[in-house]
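Asker: Dropping the structure in here first, questions after.
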Amino acid sequence: MQRRERNDLATTPAGAPSSPGAALHTSGRVLTNWNPEDAATWSPRIAWRTLAISTYSMILAFCVWFLVSAIAPKLNSIGFGLTTGQLYWLAAMPGLSCGLIRLVYMFLPPIMGTRKLVGWSSLLYLIPMFGWFFAVQNPHTSFWVLMVLAFTCGIGGGTFSGYMPSTGYFFPKRLQGTALGLQAGIGNLGMSIIQLVGPILMGFSLFGITWLAPEHTASGNLWVHNAAIFFVPWTIVAAILAFTLLKDVPVKASFRQQIDIFSNPDTWLMTLMYVMTFGLFSGFSAQFGLLINSTYGETSRFAGMAALPQGVTYAFLGLLIGSLVRAGWGPLCDRFGGAIWTFTSGVGLVVTLGWAALFLNPSDPGQFPGFLWAMLIMFFFAGIGNAGTFKQMPMIMPKRQAGGAIGFTAAIGSFGPFFIGIALSAMNAAVWFWICAAFCALCSVICWIRYARPRAPFPG
């Protein structure tokens with residue numbers, strides 16, 4: 001197996017295996033004789049530079065993916081007449097498109113190479129940025145146009161399934177928990193950044209675009225379009241850095257070769273683990289602000305009462321907690337393995353989702369702190385599981401399969417915002433939380449039996 005993994009990675013651009021003992025060449029756009037498992041044919045400088053640039057681009061990608069969830073709570077305030085169900089659908093749509101786009105991106109790393117993958121993806125983020133910039137300036141923009149623009153935001157989250165496997169090609173197994181944890185965790189901060197910075201940007205006119213009129217609300221003026229346009233120059237910088245500084249690892253695999261991941265049962269079981277962790281994390285993060293508003297805030301049964309919580313005030317917290325935990329837990333996963341942390345995450349999710357469900361049919365707005373704490377601790381456990389699953393896959397699967405499995409599980413997990421948004425619009429929120437808790441209990445049992453228990457058949 002070790003020789004097979006070496007040949008998977010140490011290939012020429014044409015796909016032929018490199019000669020044993022051949023020297024590493026880094027002068028061209030494609031690295032020659034690259035093999036991270038051999039210190040003589042690996043460059044830490046190139047690996048960490050690749051991680052830094054692609055992670056920077058991924059932060060912007062996740063800002064795009066969650067752009068709608070930052071803007072949606074403000075739409076009715078600036079003149080749009082959308083129902084609660086329509087707002088849930090808008091926040092859910094990037095999850096649907098993200099999952100579909102990830103199913104494409106999971107095959108692209110060995111086809112496009114890292115340099116073009118990150119460079120062209122960064123430029124694609126400009127499409128939803130400019131689209132929402134113009135759309136929110138006209139409150140008569142139809143709901144279906146908004147739905148299309150929400151769909152395009154999935155481009156941001158979709159690229160994750162290309163970035164992560166691509167980054168994995170640059171690091172040895174002993175460092176993949178740390179590297180992938182940093183990339184995913186810091187990249188995920190983009191979701192928190194847009195939720196935190198978006199409302200601040202909406203409060204004033206950005207320098208250079210003062211000629212744009214603000215959107216008027218009952219409590220004053222808002223510049224909602226700022227949340228979309230602010231990140232444009234940073235995205236262009238990401239594309240320039242990618243095209244000029246990144247290199248490609250000579251990994252080539254046809255579509256037929258890549259789909260062999262589906263014959264490995266661990267691909268499917270790890271997909272369940274990732275749906276439990278990232279699927280629920282991303283889904284509840286995307287809907288967190290709307291859920292607060294509809295349960296305790298301005299659109300709840302308590303509407304009209306004083307000092308009600310505003311979803312926009314708290315929406316970024318879950319994203320921030322989960323992302324930081326995911327980034328910080330990578331070294332612990334490298335030391336103790338990912339499986340035990342995935343199992344710990346599952347147990348924590350069962351408890352906290354059940355706890356939160358108890359506060360979703362409140363009789364008094366004073367119950368809000370109990371719900372808030374349950375959700376924030378739930379996001380903490382989800383972050384642990386996100387780090388754990390991405391450590392497991394490179395450890396229990398061959399190198400090339402691990403990259404494809406990471407892309408596929410990430411694709412399925414990213415449907416979380418869509419399915420959770422649809423579920424919350426179709427049923428009582430407390431019922432859905434109990435269903436999610438039962439799902440996490442099932443995943444935890446599977447994780448313990450196959451991966452986490454002493455003498456497990458596939459320890460990760």
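The values are calculated or read from the model by the stated rules, or taken from the named source; none is laboratory data. Keep in mind that this is a model prediction, so the values were computed, not measured. Cβ coordinates were reconstructed from backbone atoms using ideal geometry, including for glycine residues, and neighbour counts include every protein chain displayed. Calculation scope for accessible area: heavy atoms of the full protein, side chains included, ligands and nucleic acids excluded. Shrake-Rupley method; radii C 1.70, N 1.55, O 1.52, S 1.80 Å.
Asker: Any residue in region 221-244 that is at pLDDT 90 or above, open to solvent by 10 Å² or more (accessible area, probe 1.4 Å) and more than 24 Å from the chain's Cα centre (by Cα)?
Answerer: Yes, the conditions are met somewhere in region 221-244.
Asker: So, one more: Name the residues in region 146-197 that are closer than 21 Å to PHE380 by Cβ and open to solvent by 10 Å² or more (accessible area, probe 1.4 Å), would you?
Answerer: THR178, LEU182, ILE186, LEU189, ILE193, LEU196
Asker: In addition: Just a yes or no: is a residue in region 421-428 closer than 23 Å to PRO109 by Cα and among the hydrophobic types (A, V, I, L, M, F, W, C)?
Answerer: Within region 421-428 (the criterion being closer than 23 Å to PRO109 by Cα and among the hydrophobic types (A, V, I, L, M, F, W, C)), the answer is no, since none of the residues qualifies.
Asker: Pull out all pairs, ordered by first then second residue, where Cβ-Cβ is under 8 Å, the residues are six or more apart or on different chains, the first lies in region 139-159 and is assigned to a helix (DSSP H, G or I), and the second is basic (Lys, Arg) and buried (at least 22 other Cβ atoms within 10 Å of the Cβ).
Answerer: GLY157/ARG102; GLY158/ARG102
Asker: Is there a residue in region 41-63 that is in contact with a strand residue (DSSP E or B) (Cβ under 6 Å, 6 or more places away or on another chain), in contact (Cβ under 8 Å) with a residue 12 or more places away in the chain and not hydrophobic (A, V, I, L, M, F, W, C)?
Answerer: no
Asker: Return yes when VAL68 is within 17 Å of the chain's Cα centre (by Cα), more than 26 Å from ILE420 (Cα to Cα) and either open to solvent by less than 10 Å² (accessible area, probe 1.4 Å) or basic (Lys, Arg) (or both) and no when it is not.
Answerer: In short, no.
Asker: A follow-up question, please. Looking at LEU103, LEU87, LEU96, which is the one that is modelled with pLDDT under 90 and buried (at least 22 other Cβ atoms within 10 Å of the Cβ)?
Answerer: After ruling out the rest, the residue left standing is LEU87.
Asker: Moving on to the next point. Considering (1) part of a helix (DSSP H, G or I); (2) at pLDDT 90 or above, say which one SER323 fails and leave the rest.
Answerer: (2)
Residues checked against (1) surrounded by fewer than 24 Cβ atoms within 10 Å (Cβ to Cβ); (2) of a type outside the set (Lys, Arg); (3) under 18 Å from the mean Cα position of the chain (by Cα):
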residue: PHE368; (1), (2), (3): yes, yes, no
residue: TRP373; (1), (2), (3): yes, yes, no
residue: PHE390; (1), (2), (3): no, yes, yes
residue: ILE406; (1), (2), (3): no, yes, yes
residue: PHE415; (1), (2), (3): yes, yes, yes
residue: PHE418; (1), (2), (3): no, yes, yes
residue: ASN428; (1), (2), (3): yes, yes, no
residue: LEU442; (1), (2), (3): yes, yes, no
residue: ILE446; (1), (2), (3): yes, yes, no
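Asker: If only one of LEU51, LEU31 is modelled with pLDDT under 85, in contact with a Leu (Cβ under 9 Å, 6 or more places away or on another chain) and under 19 Å from MET164 (Cα atoms), which one is it?
Answerer: The unique qualifying residue is LEU31.
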